[in-house]
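Here is the structure we will look at, set down as structure tokens.
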Amino acid sequence: MSQKINGVKGMNDLLPGEIEVWQFVESTARTLFGRFGYGEVRTPMVEDTALFVRSVGEETDIVGKEMYTFEDKGGRSLSLRPEGTAPAARAYIEHSVNNQEPVSRWFYTGPMFRYERMQTGRYRQFYQIGAEAYGAKEPAQDAELMDMVVQFLEALGLQEVTLNINSLGDENCRPAYHAKLVDYLKSHREELCGDCQQRLERNPLRVLDCKNEKCQAVAAAGPNVLEFLCEPCRTHFTDLQRKLGALGVRYVVNHRLVRGLDYYTRTVFEFIAAHPALRTASTVGGGGRYDKMMKGLGGPDVPAVGFAMGLDRLVLLLKESGKTFIQRPDLFIAVDETSHDEGLKLASRLRREGLKVDFDTRGGSLKSQMKRADKSGARFTLVLGEQERTSGQAKLKPMAGGDSVPVALDNVAATVRAQPEAPAQAPVS
Ligand code: ATP
Ligand code: MG
């Protein structure tokens, strides 16, 4: 016997029964992001490794430890994308989009890849849905984007998600903060984890992002980035808060929020869920402003702000909510042994007319088909036998109980549609 081959560790299969939740999240995002004027962009799953090294940053966990990098047959160093902002920026630059319109709003969705330790809500292939607004440096753009995420979470029915915001300053004010932070961290070197002792040399901001409790305690007592902001950065941050207030978007200021990517300037934000099911993977999304990244990638001087939400984590939360997203069949057609062909034809016609119809292609006894009808969760069952075929009349049996409804075989779709939905239905398992 051949040996069974399993999927790759940390990479999940999404099967019917679960995929409906994903589709709900994706279609909600498409509809809502469309209302805000965001058009969809699709970039390849693989990019030149240098793209991520130069934007996300060499010393970040993502690029330094987590990237799937390989050489193709032509000897080029390529990487599976670990995130979506850099690829979208690359496409924006490559297609000179800034010459065609002053402001562009894009969203994307798809798999991302990071070689991480697998846990609840943390996978090696995971999915993000994200959006980027190019060309507007104003805090109103940051606020509009956050409002879009808030409306998205509302539309999903997810409550108890807190928006955290912070400002990291810019090239004028960050160096002073940086110097102060390094001094402070050096004086607490012994209390930091091994990783952070290295980060201290290479990328000290990352220490604030460490998940280790001791490092978090050290960070909490350290210098506050907001006290170092220069005048323009301070104004940007207070304007942003005013606009969020005007929009009725609730937030907390968290001066330790830095995020794990190097490209951010000024605004950074995260949406953090309270639900215990996510354990340490409680951040459902995050983003920020990256006004210098385009230029750093050899592109035009275009400011930008964006975010990415983790779909896997949103789906976990939705599953916890106990809602079902599976669309049950409108009708199950059961047939006697003389009516298989007619049943198959009737099912085909009704599907063309827009009904969701289940039909057991294996045939079998009427009793076994009725069992299958029950399991299918269909609203109605129609039994098609010799008598129904000759009279052209049948009955719709409501599966939730109640009286059967007489129906003409040439008027099934309209009759089904005219029946009021039964109120509470048991979830389909
Ligand atoms: P974390 O701090 O949890 O590692 P991150 O800062 O690395 O997150 P981002 O790069 O900001 O994550 O990505 C945005 C979102 O994508 C995260 O908030 C999270 O919801 C999701 N995400 C990131 N990495 C993973 C992963 N390995 N598995 C599942 N979702 C992920
Ligand atoms: Mg991470």
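Table for the structure above
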{"item": "Sites matching trypsin sites (Lys or Arg not before Pro) across region 300-337 that sit in DSSP coil, with at most 15 neighbouring C-beta atoms within 10 Å", "result": "K323"}
{"item": "Relative packing of peptides 137-149, 13-25 - highest average C-beta neighbours within 10 Å first", "result": "137-149, 13-25"}
{"item": "Per residue Cα convex hull volume in Å³ - calculated over region 331-418", "result": "87 Å³"}
{"item": "Charge dipole (region 100-158, unit charges on Cβ, about Cα centre) - positive-most of T120, P139, L156", "result": "T120"}
{"item": "Pairwise centroid distance, computed over Cα atoms, of region 30-45 with region 142-206, Å", "result": "27 Å"}
{"item": "Three-way shape label, region 174-228, alpha-carbon gyration tensor, a/c 1.5", "result": "prolate"}
{"item": "Nearest 10 degrees, 0 to 90: helix 19-35 Cα axis against the chain principal axis", "result": "60 degrees"}
{"item": "In degrees, nearest ten, helix 231-247 long axis to first principal axis of the chain (Cα)", "result": "30 degrees"}
{"item": "Within-9-Å neighbourhood charge of D301 [Cβ basis; K, R +1; D, E -1]", "result": "+1"}
{"item": "Computed label-point distance, nm, for sites T238 and V252 using a 7 Å Cα→Cβ extension", "result": "2.4 nm"}
{"item": "Test item: Cα-centred dipole of region 128-205, Lys/Arg +1 and Asp/Glu -1 on Cβ, debye", "result": "420 debye"}
{"item": "Using alpha-carbon coordinates, inclination of helix 139-156 to the longest axis of the chain, degrees", "result": "30 degrees"}
{"item": "Total charge dipole magnitude, region 174-228, about the Cα centre, Cβ charges on Lys, Arg, Asp, Glu only, Debye to nearest 20", "result": "160 debye"}
{"item": "Dimensionless Rg over Rh [region 79-221; C-alpha; Kirkwood]", "result": "1.01"}
{"item": "Footprinting exposure proxy for M399, M118, M293, M1 (fewest neighbouring C-beta atoms within 10 Å first)", "result": "M1, M118, M399, M293"}
{"item": "Surface/4 of the Cα convex hull for region 58-142, nm²", "result": "7.8 nm²"}
{"item": "Calculated FRET value between N99 and T361, using beta carbons and R₀ = 56 Å, to 0.05", "result": "0.50"}
{"item": "Region 251-286: trypsin sites (Lys or Arg not before Pro) falling in loop per DSSP and having at most 13 other Cβ within 10 Å", "result": "R279"}
{"item": "Computed E for F70/S27 - FRET, C-beta separation, R0 22 angstrom, nearest 0.05", "result": "0.05"}
{"item": "Neighbourhood net charge (12 Å Cβ-Cβ; Lys/Arg +1, Asp/Glu -1) for R76", "result": "-3"}
{"item": "Stretch gain in nm, segment E353-D341, where the contour uses 0.36 nm per residue and the Cα spacing is subtracted", "result": "2.5 nm"}
{"item": "Contour excess over end-to-end distance, with Cα ends at A221 and K375 and 0.36 nm allotted per residue", "result": "49.6 nm"}
{"item": "Gain upon complete extension [Q197, N411; 0.36 nm per residue less C-alpha separation]", "result": "69.6 nm"}
{"item": "Student exercise, the chain dipole from Lys, Arg, Asp, Glu Cβ charges, in Debye to nearest 20", "result": "540 debye"}
{"item": "Overall Cα dimensions of the chain, principal axis frame, Å, largest first", "result": "89, 61, 44"}
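Taken together, the values in this text are just the output of simple stated rules run on the coordinates, not laboratory data. Quantities reported herein were computed from a predicted structural model and do not represent experimental measurements. Note: ideal-geometry Cβ built from the backbone for every residue, glycine included; neighbour counts use all protein chains shown.
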